[in-house]
Structure formats: C-alpha cells, structure tokens
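Student: Have a look at the structure that comes next, please.
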Amino acid sequence: MDMSTDSLAAALEREHHEIDDGIAKFAAAPGDQQPLVHAFRALRRHIYLEEEILFPLLRQAEPALGAALFVMLREHGQIWKLLDSLEHDLDANADAASPALIRQVESHLLHHNLKEEKVVYPRADEVLPTATAERLQNFLDSGEMPDGWVCFKARPEQ
C-alpha cells in the first residue's frame, strides 16, 4: 500500500495501544475515571469502524477471511457487554469500577487484538485498494460513531 502516512494496519494497531494505555492508566490510579471513559469511548468507536466499514470490505475483497471475521464479531460482543457492565457500575458509583471486570476487559483485548493484528489487519493492507484504506484512515482521524450504535453480537435477539 502506498499511503503517505502509516499503513492502515499500523493506524489500527496504534488505536489498540492507545485504548490499552487508557485502561492501564485507570488501573494504576482508579480515582481518575477520565482515562477509562476515554478508552471505552475509543474502543466502542474502534469496534464500530471494524464492524460497519472494515470487516464488510474485507469480507468482500477476501471471502476466505469470513471465519476469522466471525470470531472477531463474537469477541466484540463479549467485550461490548463487559464495557456495558463496567459503565453501569461507574454510573451507579464513581468508585465502583470492578477490578475483576477491568482485568477481564484487559485479558479479552490482549487476545483479541493479537488476532486482529496478526491475521486481519495485514490482509487489509494487502487486499484493500488505496482509496478505501485512505477512507478508513480518514475515519480513524476524525470519524464519529452514530449515537446509540451497538455492535452486532451485543444487540438484543430479535
């Protein structure tokens, strides 16, 4: 890919690290919720980008990724529900963020992000046209998730 900035994979990985850093900052100083709130907002937006834009493009460009993307969607649902639980706890009591739930989120992200970074993101750099990758990069730089959006596997059964 011939982009003037980092590759799409590098930009997505950088978001992973920024989210992880926010959660780690909160874990080190639980009295300050801002890093956690910011990390959760960034994580939900990151999931939105993947589920609504990146994964459909990858599924179309490389159907063989279907099984890997299904796993990513399932894991997004698990992470989303943990975020919901933690945010509910924080809304009820500013000091109520469960260390056990924080560790669960960190553990899920560690395993999930590794798979995305080793399997999904490199394929994005290889199979998506430059214009598409640039559009995704623009969303990374300034895009917003629609209010009320919920990841696919965390939506109520219909």
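The values are calculated or read from the model by the stated rules, or taken from the named source; none is laboratory data. Everything numeric here is computed off the predicted structure, so don't read it as measured data. Glycine gets a Cβ as well: all are built from the backbone with ideal geometry, and neighbour counts include every protein chain shown.
Student: Looking for whichever is of a type in the set (K, R) and exposed (fewer than 13 other Cβ atoms within 10 Å of the Cβ) here; the options are R41, R14. Which one fits?
Tutor: Only one candidate passes the filter, namely R14.
Student: Here's a follow-up. Do we find that K81 is out of contact with any Asp or Glu (no Cβ under 9 Å at 6 or more places or on another chain), farther than 16 Å from L43 by Cβ, among the basic types (K, R) and not in a loop (DSSP other than H, G, I, E, B) in this structure?
Tutor: When the stated conditions are applied, K81 does not pass them.
Student: Here's something else I'd like to know. One residue is enough: does region 49-70 have a residue meeting the conditions free of Cβ contacts under 8 Å to residues at least 60 places away in the same chain, basic (K, R) and over 25 Å from V150 (Cβ atoms)?
Tutor: Within region 49-70, not a single residue is free of Cβ contacts under 8 Å to residues at least 60 places away in the same chain, basic (K, R) and over 25 Å from V150 (Cβ atoms).
Student: Determine if region 12-25 includes at least one residue that is among the hydrophobic types (A, V, I, L, M, F, W, C), closer than 14 Å to C151 by Cβ and in a helix (DSSP H, G or I). Don't jump to the end; show me each part of the working.
Tutor: Restricting attention to region 12-25, the residues satisfying the condition of being among the hydrophobic types (A, V, I, L, M, F, W, C) are 12, 19, 23-24.
Imposing the further condition that a residue be closer than 14 Å to C151 by Cβ reduces the set to none.
Within region 12-25, none of the residues are among the hydrophobic types (A, V, I, L, M, F, W, C), closer than 14 Å to C151 by Cβ and in a helix (DSSP H, G or I).
Student: Search region 21-36 for residues being at pLDDT 90 or above and surrounded by fewer than 17 Cβ atoms within 10 Å (Cβ to Cβ), and hand back the single one that is nearest to L114 (Cα to Cα).
Tutor: D21
Student: If you go through region 55-75 one residue at a time, do you hit one that is of a type outside the set (F, W, Y) and assigned to a loop (DSSP other than H, G, I, E, B)?
Tutor: Yes: one or more hits.
Student: Checking the condition under 17 Å from K81 (Cβ atoms) and among the acidic types (D, E), which residue from E134, E106, E116 passes? Quick ask: steps written out before the conclusion?
Tutor: Details: E134 fails: under 17 Å from K81 (Cβ atoms); E116 fails: under 17 Å from K81 (Cβ atoms).
None of the others qualify; the one that does is E106.
Student: Mind checking whether some residue in region 58-79 is under 30 Å from D32 (Cβ atoms) and surrounded by fewer than 14 Cβ atoms within 10 Å (Cβ to Cβ)?
Tutor: The answer is no; no qualifying residue exists.
Student: Which one is surrounded by the most Cβ atoms within 10 Å (Cβ to Cβ), of the residues in region 81-108 that are under 19 Å from G31 (Cβ atoms), small (G, A, S) and touching a helix residue (DSSP H, G or I) at 6+ places or on another chain (Cβ under 9 Å)? I'd like the intermediate steps shown before the answer.
Tutor: Pass one, region 81-108, residues under 19 Å from G31 (Cβ atoms): 86-87, 89-103, 105-106.
Adding the requirement that they be small (G, A, S) leaves 92, 94, 96-98, 100.
Adding the requirement that they be touching a helix residue (DSSP H, G or I) at 6+ places or on another chain (Cβ under 9 Å) leaves 96-98.
Working: A96: 12, A97: 18, S98: 14.
Checking each candidate, the answer is A97.
Student: Within the group K153, K118, which residue is among the basic types (K, R), without any contact (Cβ under 8 Å) to a residue 40 or more places away in the chain and part of a helix (DSSP H, G or I)? Give the derivation first.
Tutor: Numbers: K153 fails: without any contact (Cβ under 8 Å) to a residue 40 or more places away in the chain.
Result: K118 is the single residue among K153, K118 that is among the basic types (K, R), without any contact (Cβ under 8 Å) to a residue 40 or more places away in the chain and part of a helix (DSSP H, G or I).
Student: For region 109-136: of the residues being acidic (D, E) and within 19 Å of L43 (Cα to Cα), which is surrounded by the most Cβ atoms within 10 Å (Cβ to Cβ)?
Tutor: The extreme case among them is E116.
Student: Still on this model: What is the number of the single condition among (1) out of contact with any His (no Cβ under 7 Å at 6 or more places or on another chain); (2) at pLDDT 95 or above; (3) not aliphatic (A, V, I, L, M) that E51 does not meet?
Tutor: (1)
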